[in-house]
Amino acid sequence: MTISTERLTIRHPKISDSLALNSAIVESISELRKYMSWANEIPTISDTEKNIENAIKLIESNIDIQFLIFTKDNDLIGSSGLHEINWQVKKAEIGYWVRTTKTGNGYITEAVNAITNYGINELGLKRIEIMCSGSNTKSRRIPEKLGFTLEGILKRHRINSDGTFDDTVFYAKVI
Ligand SMILES: CC(C)(COP(=O)(O)OP(=O)(O)OC[C@H]1O[C@@H](n2cnc3c(N)ncnc32)[C@H](O)[C@@H]1OP(=O)(O)O)[C@@H](O)C(=O)NCCC(=O)NCCS
């Protein structure tokens, strides 16, 4: 399964992506760990390989659908996915990150838009959620630009990796 946009190719991970994915994570670790707890430790290539193996199992079981994002030159520039899928309620949450050298190009907005449309049009989802730390202004710009509704702000709801307490902001697109 491949989603194609103007500048990107978006597809499920393969074991053969381990090296490229690991190098994107390692390059971006200080940006990732600010807001993503899975990035606390620098992963080895073998860790990344195991994570991809696990992601493939979850995709096959329709529990969680991870995507890798590539430019048309086949450079891996980030990852996204439909998480916490509830097939009964027909809802999922989108997460995302971009490798540090590729920020500020609109790639993640383009990818999240395409994955949202895929979830709604191909998977029949009726509600797509995006949750961010209140202080993660770069992340908040993405649902705001894509017409998601700000549904609520949970005050002092999480702790960032630097130990600061933060709000959680909830955005959603409901069909
Ligand atoms: C959050 C994160 C993905 C945002 O990355 P990003 O590169 O800023 O996001 P985009 O790819 O959508 O790029 C947006 C910027 O690209 C610029 N841009 C350049 N060319 C562009 C184009 N052709 N089209 C659209 N935007 C373009 C825009 O100015 C835009 O900035 P703006 O929103 O201030 O207008 C990134 O900071 C990240 O990975 N952070 C760490 C992990 C994280 O926090 N993930 C989210 C957890 S909720």
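Which value, in Å² rounded to 10, gives the accessible area of T137 with a 1.4 Å probe and all protein chains present?
90
Using the structure shown, select from K14/K57; K72/K102; K90/K138 the pairs with a Cα to Cα distance greater than 19 angstrom.
Numbers: K14/K57 11 Å; K72/K102 14 Å; K90/K138 27 Å.
Those over the limit are K90/K138.
Within the stretch 93-120, whose backbone N sits under 19 Å from a point 7 Å along Cα→Cβ of E6?
Once the point is set 7 Å along Cα→Cβ of E6, 102-118 turn out to lie under 19 Å by backbone N, inside the stretch 93-120.
Under the 0.36 nm per residue contour assumption, what length would be gained going from the current alpha-carbon distance of N62 and T137 to full extension?
Details: separation 75, 0.36 × 75 = 27.00 nm, distance 3.10 nm.
Residue separation times 0.36 nm, minus the Cα-Cα distance, leaves 23.9 nm.
Between T71 and I120, how high is the FRET efficiency from 1/(1 + (r/R0)^6) when r is the Cβ-Cβ distance and R₀ = 25 Å? Nearest 0.05.
Taking R0 as 25 Å, the efficiency between T71 and I120 is 0.50.
Across the chain, how large is the tail of the calculated P(r) beyond 25 Å, expressed as a percent of all Cα pairs? Present the calculation step by step, with values, prior to reporting the outcome.
Details: 4711 of 15225 pairs.
More than 25 Å apart: 31 percent of the Cα pairs in the chain.
If ligands, DNA and RNA are left out, what is the accessible area of S139 with a 1.4 Å probe, given in Å² to the nearest 10?
20
Can you run phi through the Karplus equation (6.51, -1.76, 1.60; θ = phi - 60°) for the stretch 65-80 and list ³J(HN,Hα) in whole Hz, with x for Gly and Pro?
For the stretch 65-80, the Karplus curve yields 10, 8, 10, 9, 10, 10, 6, 5, 7, 6, 8, 6, 10, x, 9, 8 Hz.
Counting heavy atoms of the protein chains only and a 1.4 Å probe, report the per residue accessible area for the stretch 94-143 as a whole number of Å².
Details: 2060 Å² over 50 residues.
Averaged over the residues of the stretch 94-143, the accessible area is 41 Å².
Using protein chains only and a probe of 1.4 angstrom, how many square angstrom of T168 are accessible, to the nearest 10?
Estimated to the nearest 10 Å², T168 gives 0 Å².
Leaving ligands, DNA and RNA out of it, rank D167, D75 by accessible area with a 1.4 Å probe, largest first. List each step's numbers first, then the result.
Details: D167 35, D75 70 Å².
The ordering from most to least exposed comes out as D75, D167.
Straight-line reach from K145: which lysines fall under 16 Å, measuring Cα to Cα and dropping same-chain residues less than 8 apart?
Candidates past the 8-residue exclusion: K173.
Summarise the accessible area of the chain (1.4 Å probe, protein heavy atoms) by the percent that is carbon and sulfur.
Here carbon and sulfur together make up 49 percent of the probe-accessible area.
The values are calculated or read from the model by the stated rules, or taken from the named source; none is laboratory data. Every value quoted in this text rests on a predicted model; they were computed, and no experiment measured them. Virtual Cβ from ideal backbone geometry, glycine too; neighbours counted across all protein chains shown. Heavy atoms of the whole protein, side chains included, go into the accessibility calculation; ligands, DNA and RNA do not. Shrake-Rupley method; radii C 1.70, N 1.55, O 1.52, S 1.80 Å.
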